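All remarks here apply to the structure that follows.
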Amino acid sequence: MTLGAFSVSLSVKDINASKVFYENLGFKVFAGDLERNYLIMKNGNALVGLFQGMFENNILTFNPGWDENANKLNDFTDVRDVQKHLKSKNIKFENEADENTTGPASFVIMDPDGNTILIDQHV
């Protein structure tokens, strides 16, 4: 099972201050829209999403079907297959992907410490 590109999605108070901070760490804007209060910052293979006013807590995000440059992978584990595997392990879901669909879909789970994990497939 492969989960695809990994990023940390941060709930930030001031996206402009966060942008400058991460730029000082060597990150560059990779994607997003400052006027819509979200940016994806990249430094090598490291991805950090900055999101102002979109959610309360930080989120660990995996993108099946993408590499760290948002390029589509030819071979990947579909989000619905990841979900079926986790269900077989009795993982509790906060919300689920519709298993009767194909293409983009997502689901959310929590780790044992209450950290949110988003599996978000865009392809």
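Rolling a 1.4 Å sphere over the protein heavy atoms, what is the accessible area per residue of the chain, to the nearest Å²?
In whole numbers, the chain has 60 Å² accessible per residue.
Relative contact order, percent, of the chain when contacts are C-alpha pairs under 8 Å separated by at least 6 residues?
In percent, rounded to a whole number, it is 27.
I'd like the Kirkwood hydrodynamic radius of segment 1-97, using the inverse of the mean 1/r over distinct C-alpha pairs, in Å.
Here the Kirkwood hydrodynamic radius works out to 14.7 Å.
Taking a cut-off of 17 Å between Cα atoms, list the aspartates and glutamates near Lys13, but don't count ones fewer than 8 places away on the same chain.
Glu23, Asp33, Glu35, Glu56
Can you tell me the orientation of helix 15-24 relative to the chain, as the angle in degrees between its alpha-carbon axis and the longest Cα principal axis, to the nearest 10?
Compared with the principal axis, the helix lies near 80 degrees.
Could you compute how fast segment 1-53 diffuses translationally, taking Rh as the Kirkwood radius over C-alpha pairs and applying Stokes-Einstein at 37 °C with viscosity 0.692 mPa s? Give it in µm² per second.
In µm²/s, the coefficient rounds to 294.
Per DSSP H run of n ≥ 4, the term is -39500 (n - 2.57); total these for the chain, divide by its residue number, and report the mean residue ellipticity at 222 nm rounded to 500 deg cm²/dmol.
Value at 222 nm, helices only: -5000 deg cm²/dmol.
In the chain, which longest range has no trypsin sites (Lys or Arg not before Pro) that are both DSSP loop (not H, G, I, E or B) and surrounded by at most 15 other Cβ atoms within 10 Å?
Longest site-free region, per DSSP loop and neighbour criteria: 14-88.
Dipole of the chain, Cα-centred, from +1 at each Lys and Arg C-beta and -1 at each Asp and Glu C-beta, to the nearest 20 debye?
Here the size comes out at about 140 debye.
Build a GNM of the chain with springs between Cα atoms under 10 Å: which of Leu50, Leu86, Leu39 gets the top mean-square fluctuation?
Leu86
Write down Rg/Rh for segment 48-106, rounded to two decimals, with Rg from the C-alpha atoms and Rh from the Kirkwood relation over Cα pairs.
On the Cα set of segment 48-106, Rg over Rh gives 0.99.
Mind checking which of Met41, Met54, Met110 has the largest fluctuation in a GNM of the chain, springs on alpha carbons under 10 Å?
Greatest mean-square fluctuation among the candidates belongs to Met54.
The values are calculated or read from the model by the stated rules, or taken from the named source; none is laboratory data. The structure displayed is predicted, hence computed values, not measured ones. No Cβ is skipped: glycine too gets one built from the backbone with ideal geometry, and neighbour counts run over all protein chains shown. SASA here: full protein model, heavy atoms, side chains in, ligands and nucleic acids out. Shrake-Rupley method; radii C 1.70, N 1.55, O 1.52, S 1.80 Å.
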